[in-house]
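A short write-up of the structure that comes next.
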Amino acid sequence: MTSAKTEIPATQPPLLPDGLTAIVKKDCATCELIVPVLADLASEQTGLTIYTQDDPAFPPLDAVIDDTSLSVSWHHDIETVPTLIRVENGEEKERIVGWSRPQWQQFTGVASLGAELPEHRPGCGSLSVDPSLTDELAARFGGAGLHSRRVEFASLEDEFEAAFDRGWTDGLPIVPPTEARVLAMLAGTNRSPEDVVASIPPDLTDATVEQVAINAVMAGCKPEYFPVVLASVEAACSDEFNMHGLLATTYFSGPIIVVNGPIAEHIGMNSGHNVFGQGNRANMTIGRALQLVVRNLGGGRPGEIDMGMMGSPGKLSFCFAEREHDSPFTPLAVERGIAPGRSAVTLVAGHGPTAVTDQISRSPESLVRSMAQSLRSTGHPKLVIGFDAMLVVSPEHGRIFREAGWDRQRLRAELDQLLTLDANELLRGVDGIDEGVPQDFAGTQLPKFRPGGLQIVHAGGDAGLFSAILGGWLGGPKGSEPVTVELAD
Amino acid sequence: MANPASSSPTPSMIVLDPTAGKAADRLTRSQRPSNLSGLTVGLLDISKPRGDVFLDRVEQRLTDSGATVQRYQKPTFSKPAPVDLRHEIASNCDAVIEALAD
């Protein structure tokens, strides 16, 4: 067999010779059974060409051609062995599969063919459709459909080290994006590999589905995650989300992906215990895929356009599913206009989490006050309006709201009231702190968050009387707006 | 069973390039002016707090040196300067100073 490298351009279907062609493999009892039939046909004047998939010495006849590369089998869509094909003027006219004596006699016009054999035997699966080989074969023979530049690592080069050396990684090893893996990733979407997903900042590269798939492979995604990755890239690169500014800021934040709808359960995302922590492949790799897209396609690297002064661990990957099944709230995506039952991603700029500890409150009136006091310290207790935030209500805290009949609107209204602050407490110099709002605001009331600047979701494990605040970034048209994108079908 | 697609040793690995494959452009820097007299210098305020304090002082020093100063401002520091603004500065000014810091 030749190496994958030399096979890549060889994607033209090999032509079958005129006359009869049989495709067989040794590891198939029906193919073994019909060896005398093949021998008879090979001795006929019309001739027979035999392609063998697994053993060039099978069957022991002169007419056998080695197809252990499976090139002929793959290109001619062989699903069953034996397959018998009639070719005229280079074109396939007819094919039969398995062994059926009357069918073979009629097909070949040889009346006595296989008289000594049983009348019927089903065929076996072709190696070219063996599930363990299909991705590799698709890459080898169908890979010319991929447009990206091929990079060949030297034989003594470790593929993981090679990726680090080329600057492709975020500090963790990546999965090498072979053609077979990228083709498998592309099977996760109906979109064409050439489709442009988004213009990726900061370089404003028009990134294709194929290029995003390469980075999703590297991040460790499975193909079924790919629709979530594509929607996340689209959302991040919208004008409203302002990925360029979020990347360039000295502040801590990066994109946070919240997944709603049936896709979350379908791909096994975590919305429960340790929801912001390690341990779930989908959560860990979907956010990383977005990060690698911005790094490798957008050119956004730390210390260059990414000017994060400290950054935060979530900039590696920050992605989680909302815990919908026992939430006191409608799903975040539904609140933001997506039809119930549909899957969507919502991107917010943020970092964290910061704890809201309250193990004593059992009434919503008390609990909301704890939350308001904690939220007040977002960014700085004396600064208002500039910073957005996301409040992540835990199941044990959420139960208190649910049992009291508080939905998201009620909770937000109470928080808005509690977080309308007397500017005199916030002025520069007050409490001996120079930081604060300018003197011009003296005597006014100021909201902690701009309208639309506080998101509320439900997530976390069953036990723990804590909630979380994900501090945001500069909110609104001058910074980043949350963006929700529905997943394509 | 023979496994045709994986039985032979692979001499090296071929992967797909995950980058946009862009090479950095090398641009030549403009000649530094030998003096500022008679030149138009643009001052771009990126809208960070107190950037105006810094630029007011710079304007004063430049004017003392005989330069004409034009002031510009980005709508927000968090987004790149609009292309029209960049074009206007490039068209009108011989040099530009940007106030980045708070």
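Some notes on this structure:
- Strands (runs of 3 or more DSSP E) wholly inside the range B:12-102 that include at least 2 residues being within 14 Å of another protein chain (Cβ to nearest Cβ) and surrounded by 15 or more Cβ atoms within 10 Å (Cβ to Cβ): B:14-16
- Set A:Gln53, A:Gln12: member being modelled with pLDDT of 95 or more and either buried (at least 16 other Cβ atoms within 10 Å of the Cβ) or under 41 Å from the mean Cα position of the chain (by Cα) (or both): A:Gln53
- Options A:Thr378, A:Thr330, A:Thr357: the member that is surrounded by 24 or more Cβ atoms within 10 Å (Cβ to Cβ) and touching a residue at least 24 places away in the same chain (Cβ under 8 Å): A:Thr378
- Residue identified as of a type in the set (Phe, Trp, Tyr) and more than 14 Å from every other protein chain (Cβ to nearest Cβ) among A:Phe466, A:Phe387: A:Phe466
- Exactly one residue out of A:Ala115, A:Ala57 is in a loop (DSSP other than H, G, I, E, B) and over 24 Å from A:Leu137 (Cβ atoms): that is A:Ala115.
- Matching residues, the range A:382-410, being of a type in the set (S, T, N, Q) and buried (at least 17 other Cβ atoms within 10 Å of the Cβ): A:Ser394
- Members of the range A:157-166 that are more than 9 Å from chain B (Cβ to nearest Cβ) and in a loop (DSSP other than H, G, I, E, B): A:Asp158
- For beta carbons closer than 6 Å, sequence separation of 6+ or different chains, a first residue in the range A:275-304 that is under 20 Å from A:Ala207 (Cα atoms) and within 13 Å of another protein chain (Cβ to nearest Cβ) and a second that is surrounded by fewer than 21 Cβ atoms within 10 Å (Cβ to Cβ) and of a type in the set (A, V, I, L, M), the qualifying pairs are A:Leu297/B:Ala20.
- Residue within the range A:249-260 that is modelled with pLDDT of 95 or more, part of a loop (DSSP other than H, G, I, E, B) and over 18 Å from A:Ala349 (Cα atoms) present: no
- Candidates A:Thr189, A:Thr178, filtered to the one that is surrounded by 14 or more Cβ atoms within 10 Å (Cβ to Cβ), more than 13 Å from chain B (Cβ to nearest Cβ) and not charged (D, E, K, R): A:Thr189
- Qualifying residues in the range A:130-145 (those that are crowded, with 19+ Cβ neighbours inside 10 Å and at pLDDT 85 or above) - the one farthest from the other protein chains (Cβ to nearest Cβ): A:Leu137
- Single match in A:Thr354, A:Thr346, A:Thr285 (criterion: under 16 Å from A:Phe252 (Cβ atoms) and polar (S, T, N, Q)): A:Thr354
- Leading residue by the ranking (modelled with the highest pLDDT) among those in the range B:22-37 that are touching a Ser or Thr at 6+ places or on another chain (Cβ under 8 Å) and more than 19 Å from B:Leu55 (Cα to Cα): B:Asn35
- Identity of the residue in the range A:411-467, of a type in the set (Lys, Arg) and over 12 Å from A:Val384 (Cα atoms), that ends up surrounded by the fewest Cβ atoms within 10 Å (Cβ to Cβ): A:Arg428
- In the range A:211-227, the residues that are within 14 Å of chain B (Cβ to nearest Cβ) and out of contact with any Asp or Glu (no Cβ under 8 Å at 6 or more places or on another chain): A:Gln211, A:Val212, A:Ala213, A:Asn215, A:Ala216, A:Val217, A:Met218, A:Ala219, A:Gly220, A:Cys221
Matching residues to (1) among the charged types (D, E, K, R); (2) over 21 Å from A:Leu290 (Cα atoms); (3) within 12 Å of chain B (Cβ to nearest Cβ); (4) in a helix (DSSP H, G or I):
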site: A:Ser128; (1), (2), (3), (4): no, yes, yes, yes
site: A:Ser155; (1), (2), (3), (4): no, yes, yes, no
site: A:Trp168; (1), (2), (3), (4): no, no, yes, no
site: A:Met185; (1), (2), (3), (4): no, no, yes, yes
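- Among the residues of the range A:30-69, the one identified as of a type in the set (A, V, I, L, M) and within 13 Å of chain B (Cβ to nearest Cβ) is A:Ala57.
- Breaking point among (1) surrounded by 18 or more Cβ atoms within 10 Å (Cβ to Cβ); (2) outside any loop (DSSP other than H, G, I, E, B); (3) touching a helix residue (DSSP H, G or I) at 6+ places or on another chain (Cβ under 9 Å), for A:Glu94: (1)
- Among the residues of the range A:475-489, the one identified as in a strand (DSSP E or B) and over 25 Å from the mean Cα position of the chain (by Cα) is A:Gly475.
- Any hit, the range A:176-185, residues being of a type in the set (Lys, Arg) and not assigned by TED's automatic domain parsing to the domain that holds A:Val345: no
- So A:Gly350, is it in the same structural domain as A:Phe241 (by TED's automatic domain parsing) and closer than 26 Å to A:Gly452 by Cα: yes
- Verdict on A:Ser199 being in a loop (DSSP other than H, G, I, E, B), within 14 Å of chain B (Cβ to nearest Cβ), in contact with a strand residue (DSSP E or B) (Cβ under 7 Å, 6 or more places away or on another chain) and closer than 26 Å to A:Arg342 by Cα: no
The values are calculated or read from the model by the stated rules, or taken from the named source; none is laboratory data. Quick caveat: nothing in here was measured; it's all calculated off a predicted structure. Counting neighbours? That spans all protein chains shown, and the Cβs are built from the backbone with ideal geometry, glycine included.
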